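Below is one structure, written out as structure tokens, with a few remarks after it.
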Amino acid sequence: MHYIILDFEFNQDYNSEDNINGKKPCCPFEIIQIGAVKLDQNLTITASFRRFVKPSIYNSISGFITELTGITTEQLRKEKTFDQLYPEFIAFLGGSDSILCTWGLTDIKELYRNAAYHHLDQTVLPRMYINLQPYASLYLDYNPKQLLKLQFVVEELHIPMKYSFHDAYHDAVYTAEIMKQIYTSKMEPKIYDPSLPPKRPRLKKQIIDYDKLIRQFEKMYDRPMTSDEKQIIKLAYHMGKTKQFIKFNH
């Protein structure tokens, strides 16, 4: 059994005209860089995997992605495509009993979605995973629902910042260093099921505190609001929430 600390960089569907086949894809986040390190049961790094991926869904790398990651369209032209790299990547993972460890759930979800897009065998992918992000929040005394950015946690844990961020391999290494510091036996792996739709958190019903709203107006105008004014304020606030009067400048 191994822990696989995994990170990807993606090219995203910012402009549908950049889609190679001219249709909106079912895979809007295309993997263009794979970074991973393998840890043994003692959390010692035993192997690493660092590959760039030639895009096969989009014609070019988004300018935003290039600015964020430094990855360019020209840089990837001679690389292997995801389906060509897949056997090599699966061999690195070391079997279905390995445990994928990620910073958030996006990477594991998009790994399965990219494999499905290319009609690759998903059964050879590990199904067990640990999302380290909420555990890091707990370790730093934050609410586990408050998901912290990788660089913030690296800084808080005083991990030496030897590498740039937004590089899949560098981010995987940083995530591995975080895991070494925060790991406990309570981090039990969960089973990832790509067939299940993602759970959307329930939103609490929002109730407008009109009394507080009126008091704010009275404070601003330094006088009590009349009954008519109170009704106008409530109506205006309600109409504004519907967004029906928003217009855009051209």
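The values are calculated or read from the model by the stated rules, or taken from the named source; none is laboratory data. Remember, predicted model here, so these are calculated numbers, not experimental data. Glycine also receives a Cβ, built like all others from the backbone with ideal geometry; neighbour counts cover every protein chain displayed.
If a residue has to be of a type in the set (A, V, I, L, M, F, W, C), surrounded by 15 or more Cβ atoms within 10 Å (Cβ to Cβ) and part of a helix (DSSP H, G or I) to count, how many in region 109-120 make the cut? Give the steps one after another, and end with the answer.
So the first thing to find is which residues in region 109-120 are of a type in the set (A, V, I, L, M, F, W, C), and the list is 111, 115-116, 120.
Remaining after also requiring surrounded by 15 or more Cβ atoms within 10 Å (Cβ to Cβ): 111, 115, 120.
So of that shortlist, the ones also part of a helix (DSSP H, G or I) come out as 111, 115.
The total comes to 2.
Taking the numbered list (1) farther than 26 Å from T66 by Cβ; (2) in a helix (DSSP H, G or I) in turn, F152 passes all entries but (1).
Here the helices (runs of 4 or more DSSP H) wholly within region 31-108 that include at least 3 residues being modelled with pLDDT of 95 or more and exposed (fewer than 15 other Cβ atoms within 10 Å of the Cβ) are 82-93.
The residues on offer are T123, T184, and the sole one that is in the same structural domain as L39 (by TED's automatic domain parsing), over 18 Å from the mean Cα position of the chain (by Cα) and in a helix (DSSP H, G or I) is T123.
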